[in-house]
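The values are calculated or read from the model by the stated rules, or taken from the named source; none is laboratory data. As the structure is a computational prediction, the values presented were derived from the model and not from experiment. Don't worry about glycine lacking a Cβ; one is built from the backbone with ideal geometry, like all the others, and counts go over all protein chains shown.
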Amino acid sequence: MAIITKWSNVAVTVQSAIAATVNVTAITKASPGVVTTGTAHGYSTGDYVLMSVQGMYQVNSRVFRISAASGSVFTLEGEDTTGYGAFASGTVQKLTMGTTLSTLTNINASGGDFDFVDTTTIHDSIKTQIPGLANPSTYSFESFWDPSDAGLIALKSASDSQAQRAILFSFANGQKFVFNGYVGCSLSPTGSAQDLIKTSVVFTALGGPKAYST
C-alpha cells in the first residue's frame with residue numbers, strides 16, 4: 001500500500017545562509033552520482049547543497065542531500081546521473097535551512113507539465129508527438145499576515161533583492177521535498193470582511209525539485 005502523506009504537522013524551512021563556493025572537478029555518471037571537489041569540502045552526511053554546473057545540466061541549480069561525504073568526495077543521495085550529460089565544470093555550496101515558516105495555511109502548485117514536440121511525418125495518418133520540456137513549477141502559499149514575523153520578513157527581503165532561496169518541506173512521516181527558486185513576497189494584506197488577514201507568497205522553482213522518502 002502506498003504511504004499516505006497529509007498536509008499536517010509539516011515543517012517548512014527556507015535557506016537562511018549559503019556557504020562559499022567550492023569548485024567541483026568531476027561528477028560521475030552513476031547511481032547515485034558521486035561529486036569530487038578540488039579541495040576538501042568539509043561537508044557531512046545529511047547536509048543540503050546547491051549545485052551550479054555546466055555540462056551535466058540536469059543537476060544545475062538544484063538542491064541535493066548528501067548521503068556520504070569524506071575528504072573531497074560526496075554522494076548525491078538518490079540521484080541517478082547515469083544518463084545525464086557529461087560534466088564540464090561547476091561549483092557547490094552548502095545551505096543552512098534556518099528560516100522557519102510557521103503561519104502557512106494552504107499551498108497550490110502549478111507547472112511541471114510538459115510541452116509536446118510534434119513528430120508527425122508525411123507518412124502518418126495520425127499525428128504523433130513526444131514530451132518536450134517541462135514548464136517551471138510554481139508554489140503559491142497563503143500565510144497569516146504579520147509584518148513582524150521573522151520568516152515573512154526574510155522572504156520579503158529575498159523578494160526585494162530577487163535572490164534565490166531553497167525551501168524544504170519536512171512531512172510528519174519523514175518524507176522530504178526540497179527545491180531552489182525565486183521568491184515573490186510583498187507582505188501585502190489580503191482577505192475579506194471579518195475574516196483573518198492573510199498575505200501571499202510564491203516560489204518559482206529553478207531546475208527540478210528533489211523528493212526523499214525519509
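Looking at the structure I just gave you, is Val201 within 16 Å of Asn108 (Cα to Cα), out of contact with any Pro (no Cβ under 7 Å at 6 or more places or on another chain) and buried (at least 16 other Cβ atoms within 10 Å of the Cβ)?
On the way: within 16 Å of Asn108 (Cα to Cα): yes; out of contact with any Pro (no Cβ under 7 Å at 6 or more places or on another chain): yes; buried (at least 16 other Cβ atoms within 10 Å of the Cβ): yes.
The answer is yes for Val201.
Could you list, in sequence order, all residues of segment 184-212 that are free of Cβ contacts under 8 Å to residues at least 40 places away in the same chain and aliphatic (A, V, I, L, M)?
Passing the criteria: Ala193, Ala211.
So which residues in segment 142-152 are out of contact with any Lys or Arg (no Cβ under 6 Å at 6 or more places or on another chain) and either under 23 Å from Tyr48 (Cα atoms) or of a type in the set (D, E, K, R) (or both), if there are any at all?
Within segment 142-152, Asp146, Asp149, Ala150, Gly151, Leu152 meet the criteria.
I need a count of the residues in segment 29-51 that are among the hydroxyl-bearing types (Ser, Thr, Tyr), buried (at least 17 other Cβ atoms within 10 Å of the Cβ) and within 20 Å of Ala88 (Cβ to Cβ).
1
Do we find that Ile66 is of a type in the set (Val, Ile, Thr), in a strand (DSSP E or B) and in the same structural domain as Leu196 (by TED's automatic domain parsing) in this structure?
So Ile66 does not fit the description; no.
Of all residues in segment 129-154, which are farther than 30 Å from Ser61 by Cβ and surrounded by 11 or more Cβ atoms within 10 Å (Cβ to Cβ)?
The answer is Phe144, Trp145, Asp146.
Here is a list: Ala150, Ala134, Ala109. Which entry is among the aliphatic types (A, V, I, L, M), in the same structural domain as Tyr182 (by TED's automatic domain parsing) and farther than 21 Å from Ala11 by Cα?
Residue meeting the stated conditions: Ala134.
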